[in-house]
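Q: After the structure tokens below, expect a handful of questions from me.
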Amino acid sequence: MPGAWYEEAFRGDYLLVYPHRDDASAAAEAAAWRGRLPGLEPGRRVLDLACGAGRHLRALAAMGARAAGCDLSPDLLSGARAAGCRCIIRCDMRRLPFLDRSFDAVTCFFSSFGYFPGEEEDAAVLREAARVLRPGGGMLLDLMDPETVRRGLVPRSERSLGGTTVIEERSLAGGGRRVEKRVTLRGGGAERRWTESVRLYDPAEAEALARAAGLLPVGRFGGHGGGPWESGRTPRCVLLLRRAA
């Protein structure tokens with residue numbers, strides 16, 4: 001019986017779909033929030049949720065943070081280890097294996113929130129992030145802008161990467177509250193398919209869940225450049241949250 005979509009999707013060849021998401025882009029994205037996200041400073045303990053192959057984890061460590069990462073994918077964590085990441089652990093982000101108040105900051109980059117079928121499960125992620133944060137510590141939640149996704153959705157695209165063909169078919173589901181992408185990889189006489197399904201949270205919705213978890217909203221931004229968020233006009237919605245005292 002197949003597992004959840006995120007168990008099927010995040011294998012080693014998943015990285016072929018996002019070659020532009022590299023160490024250079026991660027370094028710029030992490031550096032944009034230094035001094036702005038509470039707790040993101042040299043020497044502080046930072047947890048990168050859904051760290052994948054570790055590109056943001058490496059960027060945080062290069063900034064001087066005492067960075068740890070967690071992810072559910074064995075393949076991506078293996079890639080992180082091969083690239084030099086050491087402080088990483090495999091776990092479900094709804095149940096983090098860390099003590100209360102272990103971290104000064106938590107980051108969640110690149111649309112890694114909204115994976116689960118129910119809102120309560122997404123809320124559990126925020127409750128766990130709040131639990132492991134010290135009072136006053138910050139969380140970065142990097143979301144897609146829902147209206148930008150809805151307006152600009154490209155139903156189908158196809159591209160070649162070396163000897164691999166990547167076909168992506170996109171649609172909206174749940175009354176426009178989820179974006180789904182069916183990915184097909186063809187190459188070397190083999191084919192693999194998976195479907196990604198992510199809940200599109202308006203900032204007010206995500207902030208309501210955050211408040212219920214004990215995380216106070218302190219800023220909305222339209223991307224990692226730090227400009228203001230505008231519905232339907234900015235590609236991302238980056239929320240900064242702070243753990244209540």
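Q: Counting only residues that are more than 16 Å from the chain's Cα centre (by Cα), within 22 Å of ALA123 (Cβ to Cβ) and buried (at least 19 other Cβ atoms within 10 Å of the Cβ), how many does the range 221-245 have?
A: Looking only at that region, the number is 2.
Q: Take LEU161 and tell me if it is in contact (Cβ under 8 Å) with a residue 60 or more places away in the chain, exposed (fewer than 14 other Cβ atoms within 10 Å of the Cβ), touching a helix residue (DSSP H, G or I) at 6+ places or on another chain (Cβ under 8 Å) and not assigned by TED's automatic domain parsing to the domain that holds GLY219.
A: For LEU161, the condition - in contact (Cβ under 8 Å) with a residue 60 or more places away in the chain, exposed (fewer than 14 other Cβ atoms within 10 Å of the Cβ), touching a helix residue (DSSP H, G or I) at 6+ places or on another chain (Cβ under 8 Å) and not assigned by TED's automatic domain parsing to the domain that holds GLY219 - is met.
Q: If ALA212 passes every condition in (1) surrounded by fewer than 19 Cβ atoms within 10 Å (Cβ to Cβ); (2) touching a residue at least 40 places away in the same chain (Cβ under 8 Å); (3) among the aliphatic types (A, V, I, L, M); (4) in a strand (DSSP E or B) but one, which one does it miss?
A: (4)
Q: Sticking with this structure for a sec: Name the single residue that is nearest to LEU126 (Cα to Cα) among those in the range 69-97 being more than 15 Å from the chain's Cα centre (by Cα) and either crowded, with 18+ Cβ neighbours inside 10 Å or in contact (Cβ under 8 Å) with a residue 60 or more places away in the chain (or both).
A: LEU96
The values are calculated or read from the model by the stated rules, or taken from the named source; none is laboratory data. From a predicted model like this one, the values you see are computed outputs, not experimental measurements. Note that we place each Cβ from the backbone using ideal geometry, even for glycine, and neighbour counts take in every protein chain shown.
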